[in-house]
Amino acid sequence: MTPDEQIESGLPALRRGVIVLAVLSQLQTEKYGYALLKDLSDKGLEIDQGTLYPLLRRLESQGLLQSSWRVDADHPRRYYVVSDAGRKAIVQMQSEWRGIVEMMSRMLSGE
Amino acid sequence: MSLLDRYVKEVGSHLPPKQRTDIEAEIKSSLQDILQEKSARTGVTVDETLMLAVLKEYGKPEKVAASYLPPRYLIGPELFPIFWLVLKIGLGIVAAIAVLVFAARTAVGDIQSWAEVGANISGLFNGAIATLGWVVVTFIILERFLPLQKLKGKERDWDPAELLKKPDTELIPLSTPIVAILFTLAALILFNIFPDFVAIKAVKTLTDNEWVTLITLTDAFYAQIPWLNVLWLLSLGFHGATIWQRRWQPWTRAAQIGLHVFSIVILIRLITGADIIYFDPAALEYLNAGGAPLDNIGAISNIGLRAALGIAVVVSLFEIGKNGYKMVNQQ
């Protein structure tokens with residue numbers, strides 16, 4: 001693997017770290033999977049379905065999300081929304097995220 | 001059944017039954033959303049061509065199903081270090097047994113062609129594959145049924161201060177080579193300069209202090225003395241080197257393995273050759289005056305001695321395995 005390829009392969013790992021917080025932050029209002037995918041994409045975070053749907057299920061099993069099936073238009077959709085535990089998690093993760101951004105800014109500016 | 005349903009069922013077939021229905025419904029719903037969105041954006045009605053394009057983009061059913069499942073291992077990261085250790089020990093034992101069998105067959109002249117050498121190597125290869133298979137199967141079973149959370153709990157209890165209590169296994173205590181050199185020198189002097197001293201004698205009459213020899217070593221034993229001398233001289237060099245080094249090195253371990261293999265060859269020659277101790281019947285008769293006949297005592301003693309030499313072979317074999325394992329680990 002060339003150095004360029006190694007950097008390329010490291011980038012998804014860098015993005016993966018923010019996906020949970022990004023997903024939780026966008027589910028403070030109820031959304032179904034595909035609408036969430038579009039929302040995230042519009043805001044610059046591209047995730048494929050193979051990553052998003054299993055992640056939604058995992059977050060639900062951890063109690064951070066709640067879901068319910070509803071028939072919209074012509075087919076059923078599963079809607080997700082953050083739970084009370086999910087809201088607390090967002091606050092904690094936001095604070096951690098700000099700390100990381102501050103720390104990395106200091107490091108990258110050579111302080 | 002539509003193409004969409006076929007795809008969803010195909011994904012479901014790779015999922016555990018408990019989650020299947022729910023995940024199938026979610027994937028179907030997601031695909032319907034994508035189809036609707038694409039149709040609305042391009043103005044194309046939802047037909048088989050559009051479905052094929054969407055499914056192609058969504059991914060291979062096995063891959064989609066795998067994304068819903070936790071990582072699956074035959075042997076996971078918690079058990080892998082123990083698995084690796086057990087495998088190395090197992091393969092070491094197989095290799096040691098193969099060396100013993102080869103040495104034994106060579107010593108008794110049973111290996112007479114390259115085809116027989118090849119058959120021994122093939123036996124070693126088959127043994128190694130079988131060992132690998134058994135160890136892997138055992139650990140796959142452990143991976144499935146062992147409560148691995150308990151192992152993780154033990155990791156948390158780990159105290160780095162324990163490292164200070166651990167003995168340095170690579171250090172060679174000075175007493176070991178010094179004692180070995182003294183015994184080796186004693187053997188060299190005894191068997192080469194004073195061979196007559198190697199006997200069991202008894203006093204025949206107390207008045208004139210006459211001695212009778214009960215047991216002596218036979219010519220079959222003394223025929224091996226040149227080889228034993230080579231072994232003892234090499235051992236002296238080896239123990240001298242360990243005093244100089246003070247720590248085990250891969251080459252010192254390799255040298256010790258070589259010495260053990262050499263000693264096994266000599267031991268097997270002694271075990272499989274003629275009797276190596278001799279009982280004088282006249283002396284026995286004298287000592288046993290009036291007692292039960294002692295006709296078989298010589299044969300029984302030689303069998304016992306052969307058994308003792310056999311134990312020495314097993315010990316050497318164990319040492320070969322131990323040094324081989326440590327040598328591989330050190331590298």
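The stretch between residue B:41 and residue B:142, if pulled fully straight at 0.36 nm per residue, gains 31.0 nm over its current Cα-Cα span. Straight-line cross-link reach from residue B:326 at under 15 Å between alpha-carbon atoms covers these aspartates and glutamates, not counting any fewer than eight positions away in the same chain: B:168, B:170. Looking only at chymotrypsin sites (Phe, Trp or Tyr not before Pro) in DSSP loops with at most 13 other Cβ atoms within 10 Å, what is the longest site-free stretch of chain B? That gives B:159-331 as the longest site-free run. Once the chain from residue B:194 to residue B:328 is taken as fully extended at 0.36 nm per residue, the excess over their C-alpha distance is 44.0 nm. The label point for residue B:244 and the one for residue B:164, both projected 7 Å from the Cα toward the Cβ, are 3.6 nm apart. For chain A, modelled as a GNM whose springs connect Cα atoms under 10 angstrom apart, the maximal fluctuation among A:73, A:85, A:22 occurs at A:73.
Helical content of the protein assembly as shown, expressed as a calculated mean residue ellipticity at 222 nm, amounts to -23500 deg cm²/dmol (DSSP H runs of 4 or more residues, -39,500 (n - 2.57) each, divided by residue number, nearest 500).
Could you list, in their original order, any pairs among A:88/B:60; A:88/B:63; B:18/B:56; B:166/B:322 whose Cα atoms are separated by more than 29 Å?
Cα-Cα > 29 Å for A:88/B:60; A:88/B:63; rest within.
Result for chain B in a Gaussian network model with C-alpha springs under 10 Å: among B:135, B:11, B:261, the largest mean-square fluctuation is at B:11.
Among B:109, B:233, B:61, whose Cα projects farthest towards the positive end of the dipole of the protein assembly as shown, with charges put on the beta-carbon of Lys, Arg (+1) and Asp, Glu (-1)? Positive-end residue among those listed: B:61.
Pick out, in residue order, every one of the trypsin sites (Lys or Arg not before Pro) in region A:42-111 that is DSSP loop and has at most 12 other C-beta atoms within 10 Å; say none if there are none.
On the way: sites: A:43, A:57, A:58, A:70, A:77, A:78, A:87, A:88, A:98, A:106; in loops: A:43.
Answer by residue number: A:43.
Chain B: longest stretch without exposed trypsin sites (Lys or Arg not before Pro) (DSSP loop, at most 15 other Cβ within 10 Å), sites themselves excluded? In chain B, the maximal stretch lacking such sites is B:73-245. Near residue B:89, once Lys and Arg are set to +1 and Asp and Glu to -1 for all other residues with Cβ below 13 Å from its Cβ, the sum equals +3.
So which helices of chain B fit the span-like rule, where a helix is a whole DSSP H run, its Cα atoms reach 24 Å or more along the axis, and its mean Kyte-Doolittle is at least 0.5? Don't jump to the answer; show the numbers that get you there.
Details: long enough: B:17-42 (38 Å, -1.13); B:80-107 (40 Å, 2.03); B:114-145 (47 Å, 1.18); B:175-193 (26 Å, 2.16); B:225-245 (29 Å, 0.95); B:250-272 (33 Å, 1.21); B:297-330 (49 Å, 0.82).
Those that clear 24 Å and a mean of 0.5 are B:80-107, B:114-145, B:175-193, B:225-245, B:250-272, B:297-330.
Counting only residues at least eight positions apart within a chain, or on another chain, the aspartates and glutamates with an alpha carbon under 13 Å from that of residue A:38 are A:46, A:48, B:33, B:37. For region A:47-63 versus region B:162-187, the inter-centroid distance based on Cα atoms is 59 Å.
FYI, it's all coordinate maths here, none of it is from the lab. Computed from a predicted model, the values in this text were never measured in an experiment. FYI the Cβ positions are ideal-geometry reconstructions off the backbone, even for glycines, and counts take in every protein chain you see.
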